[in-house]
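Input: a single structure, listed below in structure tokens.
The values are calculated or read from the model by the stated rules, or taken from the named source; none is laboratory data. Source: prediction; values computed, not measured. Cβ placement follows ideal geometry from the backbone for every residue including glycine, while neighbour counts extend to all protein chains displayed.
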2 protein chains.
Amino acid sequence: MKKLINDPQKVVDESVEGFGLAHADLVAVHTDPIFISRAGGAVQGKVGLVSGGGSGHEPLHGGYVGRGMLDAAVPGAVFTSPTPDAIIPATQAADGGAGVVHIVKNYTGDVLNFETAGEMCAAEGIEVRTVLVNDDVAVEDSLYTAGRRGVAGTVLVEKIAGAAAERGDSLDAVEAVGNRVVANVRSMGLALTPCTVPHAGKPSFELAEDEIEIGIGIHGEPGRHRVGLEPADALTEHLLTPVVEDLGIGSGEKALLFVNGMGGTPLSELYIVYRRAAQLLADRGVTVERSLVGNYITSLEMQGCSVTVLRLDDELTELWDAPVHTPALRWGA
Amino acid sequence: MKKLINDPQKVVDESVEGFGLAHADLVAVHTDPIFISRAGGAVQGKVGLVSGGGSGHEPLHGGYVGRGMLDAAVPGAVFTSPTPDAIIPATQAADGGAGVVHIVKNYTGDVLNFETAGEMCAAEGIEVRTVLVNDDVAVEDSLYTAGRRGVAGTVLVEKIAGAAAERGDSLDAVEAVGNRVVANVRSMGLALTPCTVPHAGKPSFELAEDEIEIGIGIHGEPGRHRVGLEPADALTEHLLTPVVEDLGIGSGEKALLFVNGMGGTPLSELYIVYRRAAQLLADRGVTVERSLVGNYITSLEMQGCSVTVLRLDDELTELWDAPVHTPALRWGA
């Protein structure tokens with residue numbers, strides 16, 4: 001196993017430590033248990049936003065802590081749900097007295113642990129709501145999920161709900177806009193190669209030299225089917241078509257198109273995928289008004305990508321455009 | 001060869017087309033010959049900045065076209081210098097009447113082609129200066145270079161010279177600040193894996209499962225030596241020590257620390273490298289005042305990283321902090 005790591009058991013600790021050193025102006029890193037909060041602490045009177053999940057998907061979630069997005073993030077071990085004992089102090093750190101929204105990707109462990117933590121925080125007087133992200137159209141139920149998995153749409157939920165919280169929306173309103181993003185976003189991914197979890201030391205699954213997995217999960221969970229070495233345009237169509245059809249977006253509507261890299265794919269290839277996805281949306285009469293291309297929710301060094309479409313309206317567009325200042329997403333600030 | 005491409009001969013054209021679609025608010029993409037310019041055209045009275053080089057290093061250079069950075073970028077074929085016939089119209093597109101600075105990485109082909117293009121533009125009345133970037137301390141002379149190679153320091157030259165041009169500095173002053181960055185920046189990289197140029201169809205070099213190449217070039221050119229599977233902390237020291245010693249930076253000085261991913265390495269691993277590099281600089285009494293961590297100058301899907309240190313003074317810090325709005329680097333705007 002060739003990786004830029006020291007001890008496989010210390011990957012998350014050391015990575016988060018480096019992250020804290022690099023972005024000390026924006027975030028505070030807490031250890032034992034590990035969580036990340038805004039450098040300035042909770043914003044009094046603002047709804048707090050907390051997300052978390054297994055590590056290995058960086059920059060998700062720690063990279064999105066900062067003004068206009070999250071108040072705290074809880075990284076679990078690699079591909080492993082964070083535990084309530086870390087989610088609780090993160091929620092407390094995010095609490096500005098107006099309640100806290102947990103943004104949770106739909107994996108059984110994540111859902112359970114955030115729920116437990118939310119109940120404990122409620123018992124201490126923090127009102128906690130949950131926005132559950134389940135944008136992956138590839139499969140119903142999966143290795144770690146009942147129902148659909150939460151994948152790249154999570155980044156958009158965090159950005160847009162974060163902007164709503166930042167402008168002073170109430171707990172009800174932030175929860176509602178988060179759920180509105182969930183209702184209007186769909187994703188699907190593919191993998192060219194597997195990835196290797198450091199403490200496992202071997203690839204999480206196998207793909208032959210001439211196989212590509214369509215509908216892959218962000219932990220390498222099986223997708224819909226495997227295809228051969230098809231051209232990027234055909235592969236893009238395998239992703240975009242189910243996304244668009246499930247979302248039911250069509251002529252005259254506006255969209256944000258997000259092509260996400262799984263960690264090991266060159267940016268130039270993501271733009272080749274973006275090109276075809278944009279053409280296919282144009283063919284359907286959908287106007288792409290906003291774009292995002294890059295490694296925003298990854299699976300370690302996996303080669304592959306996902307395509308996400310968010311149906312935009314004026315409010316979602318305005319919240320997307322609102323200033324954001326985090327280690328991994330920044331504009332207008 | 002597993003890649004998200006269609007025709008290996010059309011990788012650059014299709015990728016740049018997708019790039020143009022995704023960032024139409026910021027850039028204009030020109031074809032035949034291919035170059036990228038600011039969407040709004042040249043800024044009258046401002047010194048123009050142009051860079052370019054072989055493709056495969058994305059987001060360099062096209063991702064840095066926009067306010068506060070480049071006016072135009074010229075992508076060659078993958079790992080192949082752009083030709084004068086593309087550099088000339090890019091220079092013309094960047095010309096706002098105050099002269100143009102070419103930022104050129106020190107590779108023989110790049111130097112020759114930018115020089116030829118510069119002479120042709122001068123004959124047409126555009127005053128052209130060249131800032132030559134040669135920050136790689138790994139080796140003197142190399143596969144494609146006489147003298148040192150230009151690598152990750154290029155991103156910092158483009159940002160800082162771009163900010164100087166944007167605030168209205170003269171051609172002499174922009175050239176001077178660019179050269180001042182070159183004088184104060186050093187880099188060195190390593191590779192865990194090779195990469196595959198699409199039209200070649202096979203890896204550009206070979207590395208055994210237990211070998212890491214220290215001092216790798218961004219096209220896979222040989223470095224200083226190979227080591228075994230050492231921990232990230234030891235590998236980081238192999239990079240940082242020569243960088244710091246060549247730069248001669250020491251106690252009481254300020255620095256920007258830049259850990260760059262080669263394209264296929266997880267962000268979490270880059271932060272593990274950052275952590276150790278920051279510790280080593282602190283041990284030497286150097287204060288890290290600014291940081292940059294991510295994939296900013298890549299080698300397709302190569303796994304590996306580079307470490308760059310820029311000696312900061314008040315002016316360079318101010319220019320680094322100045323607003324920038326490009327597809328790949330954005331703040332304050």
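Collect the residues in the range B:303-323 that are facing chain A (nearest Cβ under 9 Å) and at negative phi, keeping them in residue-number order. First the steps, then the outcome.
Filtering the range B:303-323 for residues facing chain A (nearest Cβ under 9 Å) gives B:303-305.
B:GLN303, B:CYS305, listed by residue number.
Report whether or not B:THR154 is at pLDDT 95 or above and closer than 21 Å to B:HIS57 by Cα.
Values: at pLDDT 95 or above: yes; closer than 21 Å to B:HIS57 by Cα: yes.
When the stated conditions are applied, B:THR154 passes them.
Okay, residues lined up against (1) modelled with pLDDT of 95 or more; (2) within 15 Å of A:GLN303 (Cβ to Cβ):
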| site | (1), (2) |
| --- | --- |
| A:ALA164 | yes, no |
| A:ASP169 | yes, no |
| A:ARG180 | yes, no |
| A:SER187 | yes, no |
| A:ALA191 | yes, yes |
| A:LYS202 | no, no |
| A:GLU213 | yes, yes |
| A:PRO231 | yes, no |
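Does B:THR241 satisfy the criteria of being touching a residue at least 60 places away in the same chain (Cβ under 8 Å) and either within 30 Å of B:PRO8 (Cβ to Cβ) or not assigned by the TED database to the domain that holds B:LYS105 (or both)? Don't jump to the end; show me each part of the working.
Working: touching a residue at least 60 places away in the same chain (Cβ under 8 Å): no; either within 30 Å of B:PRO8 (Cβ to Cβ) or not assigned by the TED database to the domain that holds B:LYS105 (or both): yes.
Answer is no for this residue.
Scan the range A:245-268 and report the pairs whose first residue is closer than 30 Å to B:LEU270 by Cα and within 14 Å of another protein chain (Cβ to nearest Cβ) and whose second residue is of a type in the set (Val, Ile, Thr) and assigned to a helix (DSSP H, G or I), with Cβ atoms within less than 7 Å and a gap of 6+ or a chain change.
These pairs meet every condition: A:VAL259/A:VAL273; A:SER268/B:VAL11.
Do we find that B:ALA173 is buried (at least 24 other Cβ atoms within 10 Å of the Cβ) and of a type in the set (A, V, I, L, M) in this structure?
Details: buried (at least 24 other Cβ atoms within 10 Å of the Cβ): no; of a type in the set (A, V, I, L, M): yes.
Considered against the rule, which asks whether it is buried (at least 24 other Cβ atoms within 10 Å of the Cβ) and of a type in the set (A, V, I, L, M), B:ALA173 comes out as no.
Pull up the range A:235-267, narrow it to residues that are over 15 Å from A:ASP283 (Cβ atoms) and small (Gly, Ala, Ser), then point me to the one that is surrounded by the most Cβ atoms within 10 Å (Cβ to Cβ).
A:GLY263
Of all residues in the range A:286-333, how many are in contact with a Cys (Cβ under 8 Å, 6 or more places away or on another chain) and polar (S, T, N, Q)? Quick ask: steps written out before the conclusion?
Within the range A:286-333, the first condition is being in contact with a Cys (Cβ under 8 Å, 6 or more places away or on another chain), and the residues that meet it are A:299-302.
Still in the running and polar (S, T, N, Q): A:299.
Of the residues in that region, 1 qualify.
In the list B:GLY18, B:GLY48, B:GLY53, B:GLY66, which residue meets the criterion of being under 22 Å from A:VAL288 (Cα atoms) and touching a helix residue (DSSP H, G or I) at 6+ places or on another chain (Cβ under 6 Å)?
Working: B:GLY48 fails: under 22 Å from A:VAL288 (Cα atoms); B:GLY53 fails: under 22 Å from A:VAL288 (Cα atoms); B:GLY66 fails: touching a helix residue (DSSP H, G or I) at 6+ places or on another chain (Cβ under 6 Å).
After applying the criteria, what remains is B:GLY18.
Please tell me if B:GLY153 is within 28 Å of B:MET302 (Cα to Cα) and either in contact (Cβ under 8 Å) with a residue 12 or more places away in the chain or surrounded by fewer than 23 Cβ atoms within 10 Å (Cβ to Cβ) (or both).
Working: within 28 Å of B:MET302 (Cα to Cα): yes; either in contact (Cβ under 8 Å) with a residue 12 or more places away in the chain or surrounded by fewer than 23 Cβ atoms within 10 Å (Cβ to Cβ) (or both): yes.
Considered against the rule, which asks whether it is within 28 Å of B:MET302 (Cα to Cα) and either in contact (Cβ under 8 Å) with a residue 12 or more places away in the chain or surrounded by fewer than 23 Cβ atoms within 10 Å (Cβ to Cβ) (or both), B:GLY153 comes out as yes.
Could you look through the range A:1-31, keep only residues that are within 14 Å of A:VAL78 (Cα to Cα) and more than 7 Å from chain B (Cβ to nearest Cβ), and pick out the one that is farthest from the chain's Cα centre (by Cα)?
A:ASP7
If you take the residues in the range B:195-216 that are farther than 23 Å from B:PRO8 by Cα and crowded, with 22+ Cβ neighbours inside 10 Å, which one is farthest from the chain's Cα centre (by Cα)? Explain how you work it out, then say what you get.
At the first step, the residues of the range B:195-216 found to be farther than 23 Å from B:PRO8 by Cα are B:207-216.
Narrowing further to those that are crowded, with 22+ Cβ neighbours inside 10 Å: B:212-213, B:215-216.
Numbers: B:ILE212: 22, B:GLU213: 20, B:GLY215: 16, B:ILE216: 15 Å.
Filtering the range B:195-216 for residues that are farther than 23 Å from B:PRO8 by Cα and crowded, with 22+ Cβ neighbours inside 10 Å, the one farthest from the chain's Cα centre (by Cα) comes out as B:ILE212.
How many residues are without any contact (Cβ under 8 Å) to a residue 60 or more places away in the chain and outside any loop (DSSP other than H, G, I, E, B) if we restrict to the range A:187-211?
Counting residues in the range A:187-211 that are without any contact (Cβ under 8 Å) to a residue 60 or more places away in the chain and outside any loop (DSSP other than H, G, I, E, B) gives 1.
Testing A:ALA282 on (1) within 12 Å of another protein chain (Cβ to nearest Cβ); (2) hydrophobic (A, V, I, L, M, F, W, C); (3) not in a helix (DSSP H, G or I), one condition comes back false. Which one is that?
(3)
In the range B:78-90, is there at least one residue being within 13 Å of another protein chain (Cβ to nearest Cβ) and either touching a residue at least 12 places away in the same chain (Cβ under 8 Å) or more than 14 Å from B:THR298 (Cα to Cα) (or both)?
First, the residues of the range B:78-90 that are within 13 Å of another protein chain (Cβ to nearest Cβ): B:78-79.
Those left that are additionally either touching a residue at least 12 places away in the same chain (Cβ under 8 Å) or more than 14 Å from B:THR298 (Cα to Cα) (or both): B:78-79.
Yes, some residue in the range B:78-90 is within 13 Å of another protein chain (Cβ to nearest Cβ) and either touching a residue at least 12 places away in the same chain (Cβ under 8 Å) or more than 14 Å from B:THR298 (Cα to Cα) (or both).
Taking B:GLU230 as meeting all but one of (1) surrounded by fewer than 17 Cβ atoms within 10 Å (Cβ to Cβ); (2) more than 9 Å from chain A (Cβ to nearest Cβ); (3) in a helix (DSSP H, G or I), write down the number of the exception.
In the conditions (1) surrounded by fewer than 17 Cβ atoms within 10 Å (Cβ to Cβ); (2) more than 9 Å from chain A (Cβ to nearest Cβ); (3) in a helix (DSSP H, G or I), B:GLU230 misses (3) alone.
Considering each of A:GLY147, A:GLY68, A:GLY54, A:GLY48 in turn, give the residue that is touching a residue at least 60 places away in the same chain (Cβ under 8 Å) and closer than 30 Å to A:ALA191 by Cα.
Values: A:GLY147 fails: touching a residue at least 60 places away in the same chain (Cβ under 8 Å); A:GLY68 fails: closer than 30 Å to A:ALA191 by Cα; A:GLY48 fails: closer than 30 Å to A:ALA191 by Cα.
Answer to the check: A:GLY54.
For the range A:209-233, give me each residue that is touching a strand residue (DSSP E or B) at 6+ places or on another chain (Cβ under 8 Å) and of a type in the set (Gly, Ala, Ser).
Quick first cut of the range A:209-233, residues touching a strand residue (DSSP E or B) at 6+ places or on another chain (Cβ under 8 Å) only: A:211-230.
Those that are touching a strand residue (DSSP E or B) at 6+ places or on another chain (Cβ under 8 Å) and of a type in the set (Gly, Ala, Ser): A:GLY215, A:GLY217, A:GLY220, A:GLY223, A:GLY228.
Tell me, yes or no, whether the range A:85-99 has at least one residue that is small (Gly, Ala, Ser), within 30 Å of A:THR265 (Cα to Cα) and modelled with pLDDT of 95 or more.
Step one: filter the range A:85-99 for residues small (Gly, Ala, Ser), giving A:86, A:90, A:93-94, A:96-99.
If we keep only those that are within 30 Å of A:THR265 (Cα to Cα) too, we end up with none.
Scanning the range A:85-99 turns up no residue that is small (Gly, Ala, Ser), within 30 Å of A:THR265 (Cα to Cα) and modelled with pLDDT of 95 or more.
When you check B:GLY68 against the structure, is it surrounded by 19 or more Cβ atoms within 10 Å (Cβ to Cβ), of a type outside the set (S, T, N, Q) and closer than 22 Å to B:SER299 by Cα, yes or no? Let's see the steps before the verdict.
Details: surrounded by 19 or more Cβ atoms within 10 Å (Cβ to Cβ): yes; of a type outside the set (S, T, N, Q): yes; closer than 22 Å to B:SER299 by Cα: no.
For B:GLY68, the condition - surrounded by 19 or more Cβ atoms within 10 Å (Cβ to Cβ), of a type outside the set (S, T, N, Q) and closer than 22 Å to B:SER299 by Cα - is not met.
Applying the selection to the range B:79-127, what residues are part of a loop (DSSP other than H, G, I, E, B) and within 30 Å of B:THR196 (Cβ to Cβ)? Before the answer, list the steps.
So the first thing to find is which residues in the range B:79-127 are part of a loop (DSSP other than H, G, I, E, B), and the list is B:79-83, B:95-99, B:106-107, B:124-127.
Hits for the range B:79-127 are B:PHE79, B:THR80, B:SER81, B:PRO82, B:THR83, B:ASN106, B:TYR107.
So which residues in the range B:69-91 are farther than 25 Å from B:GLY332 by Cα and in contact with a helix residue (DSSP H, G or I) (Cβ under 7 Å, 6 or more places away or on another chain)?
Step one: of the range B:69-91, the residues farther than 25 Å from B:GLY332 by Cα are B:74-91.
Within the range B:69-91, B:VAL74, B:PRO75, B:ALA77, B:VAL78, B:SER81, B:PRO82, B:THR83, B:PRO84, B:ILE87, B:ILE88, B:THR91 qualify.
I'm told A:VAL50 meets every condition in (1) farther than 27 Å from A:ASN179 by Cβ; (2) in contact with a His (Cβ under 9 Å, 6 or more places away or on another chain) except one. Can you identify the failing condition by its number?
A:VAL50 satisfies all of (1) farther than 27 Å from A:ASN179 by Cβ; (2) in contact with a His (Cβ under 9 Å, 6 or more places away or on another chain) except (1).
Looking for whichever is at pLDDT 95 or above, more than 10 Å from chain B (Cβ to nearest Cβ), in a loop (DSSP other than H, G, I, E, B) and out of contact with any Leu (no Cβ under 7 Å at 6 or more places or on another chain) here; the options are A:GLY45, A:GLY40, A:GLY52. Which one fits? Let's see the steps before the verdict.
On the way: A:GLY40 fails: at pLDDT 95 or above; A:GLY52 fails: in a loop (DSSP other than H, G, I, E, B).
The unique qualifying residue is A:GLY45.
What single numbered condition from (1) in contact (Cβ under 8 Å) with a residue 24 or more places away in the chain; (2) surrounded by 24 or more Cβ atoms within 10 Å (Cβ to Cβ); (3) at the interface with chain A (Cβ under 9 Å from one of its Cβ atoms); (4) among the hydroxyl-bearing types (Ser, Thr, Tyr) fails to hold for B:SER291?
Answer for B:SER291: the failing condition is (2).
Looking only at the range B:269-279, count every residue that is more than 7 Å from every other protein chain (Cβ to nearest Cβ) and either in a strand (DSSP E or B) or buried (at least 20 other Cβ atoms within 10 Å of the Cβ) (or both) and tell me the total. Before the answer, list the steps.
Of the range B:269-279, the ones more than 7 Å from every other protein chain (Cβ to nearest Cβ) are B:270, B:276-277, B:279.
If we keep only those that are either in a strand (DSSP E or B) or buried (at least 20 other Cβ atoms within 10 Å of the Cβ) (or both) too, we end up with B:270, B:276-277.
Of the residues in the range B:269-279, 3 are more than 7 Å from every other protein chain (Cβ to nearest Cβ) and either in a strand (DSSP E or B) or buried (at least 20 other Cβ atoms within 10 Å of the Cβ) (or both).
Go through (1) closer than 18 Å to A:LEU267 by Cα; (2) among the aliphatic types (A, V, I, L, M); (3) under 15 Å from the mean Cα position of the chain (by Cα) for B:LEU49 and report which single condition fails.
Tallying (1) closer than 18 Å to A:LEU267 by Cα; (2) among the aliphatic types (A, V, I, L, M); (3) under 15 Å from the mean Cα position of the chain (by Cα), B:LEU49 fails exactly one: (1).
Being in the same structural domain as A:ALA117 (by the TED database) and at positive phi narrows it down to one residue among A:GLY66, A:GLY40, A:GLY96, A:GLY54; which is it? Steps first, please.
Values: A:GLY40 fails: at positive phi; A:GLY96 fails: at positive phi; A:GLY54 fails: at positive phi.
Selected residue: A:GLY66, the only one of A:GLY66, A:GLY40, A:GLY96, A:GLY54 that is in the same structural domain as A:ALA117 (by the TED database) and at positive phi.
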